[in-house]
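> Would you mind keeping the following structure in view while I ask a few things?
The values are calculated or read from the model by the stated rules, or taken from the named source; none is laboratory data. Note that the structure is a prediction, hence the values are computed from the model and not measured. Glycine also receives a Cβ, built like all others from the backbone with ideal geometry; neighbour counts cover every protein chain displayed. All accessible areas refer to the heavy atoms of the entire protein, side chains included, with ligands and DNA or RNA removed. Shrake-Rupley method; radii C 1.70, N 1.55, O 1.52, S 1.80 Å.
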Amino acid sequence: MNPVSRLIVVVLFEGVDLLDVTGPPEVFALARRETAEAAGYEVVLAAETMDPVTTGAGVRVLPDVTFDDLSARSVDTLIVPGAVEIDGRRRVRALTDPVVVERVRQLAGRTRRVTSVCVGAHVLAAAGLLDGKRVTTHWSTARQLADDHPAVEVDADPIFIREGDVWTGAGISSCLDLSLALVADDLGEAVALRVARQLVMYLKRPSGQSQFSVPLEQVSTTRRVEELRHHVMRNIAEPLTVADLAAHAHVSDRQLTRIFKTELGTTPYAYVESARVEVARQQLESTDATLERVASACGFGTVDTLVRAFRRRLDTTPTEYRRRFRTGSG
């Protein structure tokens, strides 16, 4: 048996999301199995005390160590999960505990790489670890993260983002994708793919894979914008310029831009492009249509425009996306 060379610390605190805590250790355990211990991973759950921690799911988890127990140890990977609260209007808000934030700041100073899972990005941001970095978090709290931390560049689309030695993951099941990416970084793609098969995951998703679909984005508070969104999806092959959308909504171009910014946090052009990419993704996943046909059907016009949009939105190409995510028989 090889000696432990990579200490993985998962941060525990009251109300933490359960899957964020249990998902990554399962990936690292399978990596040990797939490499006959060569991975050298040791995973510990660390909390302020050794008392049981009650997760957001109501399941109690026992810490392995306290934060103070780690004071003399070198940490390879720090994994910071998150916690949320739901208000009376079913709105989600990420929570941060100042004690946990300070402990994370201390641990990060002697850690090779720091990662957040889901809304754990809010903890990293509060600790000052994300300033000047492009990061992701669960789509439901992305606007909160951007508002609370203007020095952080928030991209709510990818399932995970790596910025040097700081990794941020989107949420829930994507904690597995992030953990697989960490394994691939340590041990290579072949090992990560073997672990993915053991997890009965169809494939290991790349970081550029989007974490949500356009129709599932936050619902607007106005009927007019909801109608515009439906109009975009119904007429996705049409030009859909700002002037076209403004005319449909019976407002000026400037008013339309202001409405999209206020209601959806984006521009009309960016929203239409994201909608086109979403429809193109669905066609690439489920049909054998040529790229020319997909580009035309989704309003891109040319394959070059389609490719540029995919690179911008998903950090991949349509051909590579189809190769990885093709599910239907056409």
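> How long are the semi-axes of the ellipsoid equivalent to the stretch 225-316, from square roots of 5 times the Cα gyration tensor eigenvalues, in whole Å, largest first?
For the stretch 225-316, the ellipsoid semi-axes come out as 25, 13, 11 Å.
> With angles folded into 0 to 90 degrees, how steeply does helix 189-198 sit against the dominant principal axis of the chain? Use alpha carbons for both and round to 10.
90 degrees
> Ok, one more. Of all GluC sites (Glu not before Pro) in the stretch 266-330, which ones are in loop regions per DSSP and have a Cβ with at most 15 other Cβ atoms within 10 Å?
Qualifying residues, ordered by number: none.
> May I pose another question? Starting from the coordinates of the alpha-carbon atoms of the stretch 1-134, obtain the Kirkwood hydrodynamic radius over all distinct pairs and give the value in Å to one decimal.
So the Kirkwood estimate lands at 15.3 Å.
> Kindly express, to the nearest 10 degrees and within the range 0 to 90, the angle between helix 18-34's C-alpha long axis and the longest C-alpha principal axis of the chain.
Taking Cα atoms only, the helix is inclined about 70 degrees.
> Once the other residues with Cβ under 10 Å from the Cβ of VAL9 are scored (Lys, Arg +1; Asp, Glu -1), what is the net sum?
-2
> Output the 0 to 90 degree angle, nearest 10, between the alpha-carbon long axis of helix 98-108 and the longest principal axis computed from the alpha carbons of the chain.
80 degrees
> Determine which residues of the stretch 266-291 fall in the zone a paramagnetic label at VAL251 would reach in this model, i.e. backbone nitrogen under 19 Å from the point 7 Å along Cα→Cβ.
Inside the label zone: 266-275.
> Moving to a separate point now. Within a Cβ distance under 13 Å of LEU70, other residues only, what is the Lys/Arg minus Asp/Glu net charge?
Computed value for this residue: -3.
> In µm²/s, what is D for the stretch 91-173 at 20 °C and 1.002 mPa s, where D = kT/(6 pi eta Rh) by Stokes-Einstein and Rh is the Kirkwood radius from Cα pairs?
After rounding, the answer is 173 µm²/s.
> State in Å² the accessible area per residue of the chain; use a 1.4 Å probe, count heavy atoms of protein chains only, and round to the nearest integer.
Each residue of the chain exposes 47 Å² on average to a 1.4 Å probe.
> Okay, moving on. Using only the C-alpha atoms of the chain, find the volume of their convex hull and express it per residue in Å³.
Cα-based convex hull of the chain, divided per residue, equals 142 Å³.
> Expressed as a whole percentage, what fraction of the accessible surface of the stretch 220-330 belongs to carbon and sulfur atoms when a 1.4 Å probe is rolled over the protein heavy atoms?
Here it works out to 50 percent.
> First compute the accessible area of the stretch 63-186 with a 1.4 Å probe, then give the percent of it belonging to carbon and sulfur atoms.
The C+S portion of the solvent-accessible surface of the stretch 63-186 is 46 percent.
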